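The values are calculated or read from the model by the stated rules, or taken from the named source; none is laboratory data. Not measured: the values here are computed from a predicted model. For neighbour counting, all protein chains shown are included, and Cβ atoms are generated from backbone atoms with ideal geometry for every residue, glycine included.
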Amino acid sequence: MPRIKSPAELEEFRKDILSKRDPNKPCITLCSGTACHATGSEKVAAAIEQELEKQGLYGEVDFRRTGCHGFCEKGPIVVIAPEEICYLQVTPEDIPEIASQTLKEKKVVDRLLYVDPTTGEKTTHESDIPFYKNQERIVFGPNRRIDPGSIEDYLAIGGYQALVKALFKMTPEQVIGEVKEANLRGRGGAGFPTGIKWEAARNAPGEPKYVVVNCDEGDPGAYMDRSLMEGNPYSVLEGLIIGAYAIGAHEGYLYVRQEYPLAVENVGIAIKQAEEYGLLGIDIFGSGFDFNIKVHRGAGAFVCGEETALLISLEGKVGEPRPRPPYPAVKGLWDKPTNINNVETWATIPLIINKGAGFFTSIGTEGSKGTKIFSLVGKICNTGLVEVPMGITLRDIIYKIGGGIPGGKKFKAVQTGGPSGGCIPEERLDLQVGFDELTKAGSMMGSGGMIVMDEDTCMVDVARYFINFLTDESCGKCVPCREGLRQMHKILTNITEGKGKEGDIELLEVLSEIAVEASLCALGKTAPNPFLSTLRYFRDEYVAHIKEKRCPALSCKALISYYIDPDKCGACLLCLKRCPEEAIDGGKKKIHIIDQEKCTNCGTCLEVCPSRFDAVKKISGEPVPPPIPEEQRIIISKSK
């Protein structure tokens, strides 16, 4: 393919692509993001290829491997266009039936459809599934429509129209003005207005200027940027080129986490194709604007998600944050003006340029416009990636999209904002999701992690877990973060082990205040949030752990005990056989008992005890009932 040298040539090429595509032709698409890779999409893809050949469907049916569809709980996902028939948890063994029944006979394979867990009703079309129906997928939606290895797929859905508009119909100042008017706030965590950030970099003295994509999300359970980069790297590249034009940069970097091999592979393909087509490099579209991109693989340090640490790492040094000001917009990569945004922010830019700021600001709250992609994980029925309008309530996300809490358990809290975020309790479920609203509630937007917790979750242990994570990930450059977090983790660990004492809460509050006020970067300043938010909403749990040596959630191992209710024991021998410490004594028709000195509180006995008996009990903060005498341990009743 010769280089495209003008907007007119691009449109001619786009028309040529569309002329060869019949929108009514059957097309089977397979989600091939990392989550579906983990559940076997590679084998499903091979089976599709084989079956299309076997049943003589090549030429009659197209096959497209796409990026992540979002419903990771139900992968691998197959969607058949144009009817939009959606099959979930597809295996290679299902493909012959799909080919013969759906592709040939136009019949639906009922057993592969989505089934509502409450009503039992089946849903045929992807957009009608509640998980998708209640979203607004304006940024993430194209993932399911394109092959990330085909620039032609991206062009077919209007790709690079925004870049043409920016280069030929707008000045750099007008591009920045449009982004400012859209009130796009950075999706990487801080929520700083993107347009103001761009303007600062453009006006900063010094050449050359740089633009950088931050794809180093390290939050546990978060993979929004990863899936966007894997599924639609073209939108990220297009947004980056537009930003470079607006700022006056001619060189850009994609900083991608080492653990994201598929993202690196797909963006590499996208860059190569863009260069071949003349969408990157010298004189893009004949506009006179030059721009090149390089990919840098980060080593996986959580602190490198902070922009100054990332830029220092990009220079080949140890990733450590540096004091600000000066900000990267003035003095960034190699001390030159640099603009850095995360993947989702860059991917939103083409949408704003194409549809205008008015479209974007029509969605969301007064202070938070547009949509936001979240990774919805934890104790939730429907895990996956969701894109929702700003202003939606947490309740709607968790229950309308997430399907509620599995196993009939009660909702307890949702943690937003990653390890440095906070936990929001049930009484705040009607809180609108927005940058300012979440901050006022003691949490934060962050990059978009959303972890749901049920009644079995100990909030003190949650704080301990995240403080431990941040302690390990601290770069160690400043004392309040390095030593303060270490001490906080030590105190919280003692509390969960029944070693807490009076004054621990107050000491944790002092350490938190010091970290917030004196830490060098955002990691240290926000690190106390897991403790502060859980203390704010669940202080009673801290008091119970310290004063009563009791874990209300029956979660902290050192504060719980197991015993077998003699009135319910069925002498089935299961717990006796499965106990790893041989701490259970029993026999046929003999009531079992647990030797408390040998028991390590692993919970195996509770897991294997048949529900018809429900004999194993877990308690905390109260003495274990004494074992019954040996002569009374024989079970007489056969009804058990």
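If you check Glu83, Glu53, Glu60, Glu93 for being at pLDDT 95 or above and surrounded by fewer than 18 Cβ atoms within 10 Å (Cβ to Cβ), only one passes: Glu93.
In region 280-326, the qualifying residues are those that are at pLDDT below 95 and among the aromatic types (Phe, Trp, Tyr), and the one that is farthest from Pro172 (Cα to Cα) is Phe302.
If the condition is being within 30 Å of Ala522 (Cα to Cα) and among the hydrophobic types (A, V, I, L, M, F, W, C), then region 165-191 contributes Val175, Ile176, Val179, Ala182, Leu184, Ala190.
Scanning region 573-591 for residues that are closer than 11 Å to Tyr562 by Cβ and free of Cβ contacts under 8 Å to residues at least 40 places away in the same chain yields Cys579, Ala583, Ile584.
Counting only helices (runs of 4 or more DSSP H) that fall entirely inside region 265-377 and contain at least 2 residues that are crowded, with 24+ Cβ neighbours inside 10 Å, the qualifying elements are 307-314, 343-355.
Which of the residues that make up region 1-38 are crowded, with 19+ Cβ neighbours inside 10 Å and among the polar types (S, T, N, Q)? Thr29, Ser32, Thr34 - these are the residues of region 1-38 that are crowded, with 19+ Cβ neighbours inside 10 Å and among the polar types (S, T, N, Q).
Only residues that are part of a helix (DSSP H, G or I) and either closer than 30 Å to Gly391 by Cα or touching a residue at least 40 places away in the same chain (Cβ under 8 Å) (or both) were counted in region 95-138, giving 14. Kindly indicate whether Thr600 is hydroxyl-bearing (Ser, Thr, Tyr) and either exposed (fewer than 15 other Cβ atoms within 10 Å of the Cβ) or touching a His at 6+ places or on another chain (Cβ under 9 Å) (or both). Considered against the rule, which asks whether it is hydroxyl-bearing (Ser, Thr, Tyr) and either exposed (fewer than 15 other Cβ atoms within 10 Å of the Cβ) or touching a His at 6+ places or on another chain (Cβ under 9 Å) (or both), Thr600 comes out as yes.
Scanning for something part of a loop (DSSP other than H, G, I, E, B), modelled with pLDDT under 95, at negative phi and in contact with a Leu (Cβ under 7 Å, 6 or more places away or on another chain), does region 555-572 turn up at least one residue? No: region 555-572 contains no residue that is part of a loop (DSSP other than H, G, I, E, B), modelled with pLDDT under 95, at negative phi and in contact with a Leu (Cβ under 7 Å, 6 or more places away or on another chain). Apart from one condition, Tyr210 fits all of (1) on the phi > 0 side of the Ramachandran plot; (2) touching a Ser or Thr at 6+ places or on another chain (Cβ under 6 Å); (3) modelled with pLDDT of 95 or more; the exception is (1).
Considering only region 188-211, I want to know if a residue exists there that is buried (at least 24 other Cβ atoms within 10 Å of the Cβ), in the same structural domain as Ile284 (by TED's automatic domain parsing) and assigned to a loop (DSSP other than H, G, I, E, B). Yes, region 188-211 has at least one match. Are any of the residues in region 166-174 farther than 22 Å from Lys336 by Cβ, touching an Asp or Glu at 6+ places or on another chain (Cβ under 8 Å), touching a residue at least 24 places away in the same chain (Cβ under 8 Å) and not in a loop (DSSP other than H, G, I, E, B)? Checked region 166-174: no residue is farther than 22 Å from Lys336 by Cβ, touching an Asp or Glu at 6+ places or on another chain (Cβ under 8 Å), touching a residue at least 24 places away in the same chain (Cβ under 8 Å) and not in a loop (DSSP other than H, G, I, E, B). In region 348-375, the residues that are at negative phi reach residues that are in a helix (DSSP H, G or I) and of a type in the set (Ser, Thr, Tyr) with C-beta atoms within less than 7 angstrom, at least six apart or across chains, in these pairs: Pro350/Ser235; Lys369/Thr361. Restricting attention to region 242-264, the residues being in a helix (DSSP H, G or I) and either outside the structural domain of Gly158 (by TED's automatic domain parsing) or more than 17 Å from Lys197 (Cβ to Cβ) (or both) number 4.
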